[in-house]
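Every read-out reported here was derived from the displayed coordinates using simple, explicitly stated rules and does not represent laboratory data. For clarity, every value in this text was computed on a predicted model and none was experimentally measured. Backbone-built Cβ (ideal geometry, glycine too); neighbour counts: all protein chains shown.
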Amino acid sequence: MKSKNQKIIIGNWKMNPASLKEAEKILKNISNSLSVKKSKVVVCPPYVFLEKISKVSKKINLGAQDVYPNNLGLPTGEISIEMLSNLKTKYVILGHSERRSRGEDNLFINKKVKTVLSAFLVPVLCVGENERDEEHSYLGFVKKQLEECLEGIPKDLVGSIIIAYEPVWAIGKNAKREAEPEEFEEMSIFIKKVLSDKFGSKNIEGINIIYGGSVNPKNALSFVKAGADGLLVGRDSLNPEKFLEIIKIIENEIN
Ligand code: PGA
């Protein structure tokens with residue numbers, strides 16, 4: 001649930017780093033110099049590092065990058081919510097565009113959102129258009145993602161979800177360009193409207209809408225000033241110096 005002055009900064013390590021040793025080193029380097037009073041810091045490493053890494057720092061919350069929506073059993077190669085709950089995982093990224101591009105649809109992501117909520121963990125639901133067009137059809141695209149991914153979610157639980165707006169064209173080192181803070185602001189107002197129409201304005205008061213896509217120390221503050229409740233950081237969350245700088249900038253802003 002949203003606390004007025006708290007911002008959430010989530011690091012998405014994706015398929016990095018190559019070894020546990022390196023993962024521990026990155027987390028230690030972040031943790032050793034981390035001083036936060038008002039921001040919440042979350043790191044989402046690959047599954048294989050989650051257990052060991054949970055012992056490295058008490059200051060950093062842990063998240064997973066995905067979950068499979070079945071209970072224990074099948075299929076081969078997947079990770080269940082029971083497994084994540086038994087580690088110290090509190091957050092789960094869902095519907096990331098890099099997974100959507102490999103075939104995950106809104107219906108499947110909807111099952112995952114329900115699975116995560118049923119275990120009292122926090123879903124970080126990623127939405128975002130592939131491209132912006134002058135006719136503004138990207139708004140309809142994000143609306144559909146929100147409506148379908150959140151279909152059937154109990155109204156009293158919707159406030160605990162984090163929505164990460166991540167325009168696909170602004171993600172990663174092949175991004176077309178960085179997003180402008182005004183573009184986030186417009187989308188965040190739109191997301192609130194869609195959710196409020198679906199769940200009622202009272203029920204969505206607690207929802208955090210964060211920004212992700214090429215977040216770095218130079219642009220981080222502009223998104224928070226544009227109303228972001230936090231940030232989802234990819235590449236720069238693997239670089240302790242840059243990640244700490246982003247956290248410090250946000251922490252100073254809200255103090
Ligand atoms: P990026 O990744 O910060 O490297 O653009 C963000 C994300 O994909 O979540």
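Assorted remarks:
- Considering residues of region 107-124 that are touching a residue at least 40 places away in the same chain (Cβ under 8 Å) and more than 24 Å from LEU231 (Cβ to Cβ) only, the residue surrounded by the fewest Cβ atoms within 10 Å (Cβ to Cβ): LEU107
- Qualifying positions in region 128-144 - touching a strand residue (DSSP E or B) at 6+ places or on another chain (Cβ under 7 Å) and away from the ligand (no atom under 12 Å from the Cβ): VAL142
- The listed residue being more than 16 Å from the ligand (Cβ to nearest atom) and without any contact (Cβ under 8 Å) to a residue 60 or more places away in the chain, out of GLU178, GLU147: GLU147
- Among the criteria (1) within 16 Å of the chain's Cα centre (by Cα); (2) away from the ligand (no atom under 16 Å from the Cβ); (3) of a type outside the set (Gly, Ala, Ser); (4) over 20 Å from GLY159 (Cα atoms), the one VAL36 does not fulfil is (1).
- Within region 50-77, residues that are under 25 Å from ALA164 (Cβ atoms) reach partners that are acidic (Asp, Glu) with beta carbons closer than 6 Å, at six or more positions or on different chains, in the pairs VAL56/GLU24; TYR68/GLU78.
- Whether a residue is in contact (Cβ under 8 Å) with a residue 60 or more places away in the chain, crowded, with 17+ Cβ neighbours inside 10 Å and of a type outside the set (Asp, Glu) was assessed, and VAL127 passes this test.
- Scanning region 1-38 for residues that are within 24 Å of GLU205 (Cα to Cα) and buried (at least 22 other Cβ atoms within 10 Å of the Cβ) yields LYS7, ILE8, ILE9, ILE10.
- Region 100-159: number of residues that are basic (Lys, Arg) and under 21 Å from ALA64 (Cβ atoms): 5
- Residue match in region 158-174 (condition: within 16 Å of the ligand (Cβ to nearest atom), of a type in the set (Ser, Thr, Tyr) and buried (at least 23 other Cβ atoms within 10 Å of the Cβ)): yes
- Annotation note: of SER201, SER222, SER188, the sole residue that is more than 12 Å from the ligand (Cβ to nearest atom), small (Gly, Ala, Ser) and surrounded by fewer than 16 Cβ atoms within 10 Å (Cβ to Cβ) is SER201.
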